[in-house]
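A.B. asks: Starting off with a structure, shown below.
The values are calculated or read from the model by the stated rules, or taken from the named source; none is laboratory data. This structure is a prediction, so every number in the text was calculated from the model and none was measured. Every residue, glycine as well, gets a Cβ built from its backbone with ideal geometry; the counts of neighbours run over all protein chains shown.
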Amino acid sequence: MNYKKYELGDTVTIREWDDMLAEYGPHESAANSIAIPLSFVFNMKYSCGKKYRISSVIYNSSNKKEHKYKLSGIYNPGNISFVYTAEMFQETGRSRLKDMANTINTYAKNIEEIPE
């Protein structure tokens, strides 16, 4: 899957546990967690299927393609501040349409007129 970058204020839905587990498999060294980038641990499972707003974007200075996100309105058991990655978010029809529109606009800008 090609995961998009999200922006501050975007609303995202956390993917279902079984969906991520099927795609990435269990984490070998951490019990009850998924081997998705940055790991999705069992204590995050309560957030699956729920919508949250991105409250903070953490840019990775060594790899500009991998961002991490903090979410607002999320319950943090034991004051643990979980960080999420784009792979943990469910693609919605709206975000796919937005991506398609951006792709079409990019192609339209690059098309040269065909001589008659």
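A.B. asks: Which of (1) over 19 Å from E91 (Cα atoms); (2) among the hydrophobic types (A, V, I, L, M, F, W, C); (3) touching a helix residue (DSSP H, G or I) at 6+ places or on another chain (Cβ under 6 Å) is the odd one out, the single condition A31 does not satisfy?
C.D. replies: (3)
A.B. asks: Scan L38, L97 and give me the residue that is at positive phi and either modelled with pLDDT of 70 or more or surrounded by fewer than 16 Cβ atoms within 10 Å (Cβ to Cβ) (or both).
C.D. replies: Answer to the selection: L38.
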